[in-house]
Amino acid sequence: MLSLSKILFTALIVVVVWQGFKLFTRKNQVSGQEQPKQTAHDKKAKQQKQEAVAHDLEKCPKCGVYHAEGSAHVCEG
């Protein structure tokens, strides 16, 4: 005869096996090419390494558009 405890125990076993299978397949899907998940510490370190580069701008005498100094600029008009 099925009792409530047997049903709950069977459901618990099914959930544990299902979660274990998901964990096992997820572990096998991760390849060496994929990047690991970044932590907050990794993100801060990465942001500190990336320094913004400032360029001096100069104004085009013909059209008045500002562009980076020394870069090619073609006026349209």
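The values are calculated or read from the model by the stated rules, or taken from the named source; none is laboratory data. From a predicted model like this one, the values you see are computed outputs, not experimental measurements. Neighbour counts are summed over all protein chains in view; Cβ atoms, including those assigned to glycine, are modelled from backbone coordinates with ideal geometry. We work out accessible area using only protein heavy atoms, side chains counted, and drop any ligands, DNA or RNA first. Shrake-Rupley method; radii C 1.70, N 1.55, O 1.52, S 1.80 Å.
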- Item | Exclusive hit being modelled with pLDDT of 80 or more and either open to solvent by 100 Å² or more (accessible area, probe 1.4 Å) or part of a helix (DSSP H, G or I) (or both), set His41, His55, His67 | His55
- Query: Within the group Leu2, Leu23, which residue is open to solvent by 100 Å² or more (accessible area, probe 1.4 Å), part of a helix (DSSP H, G or I) and either at pLDDT 80 or above or in contact with a Leu (Cβ under 9 Å, 6 or more places away or on another chain) (or both)?
  - Reply: Leu23
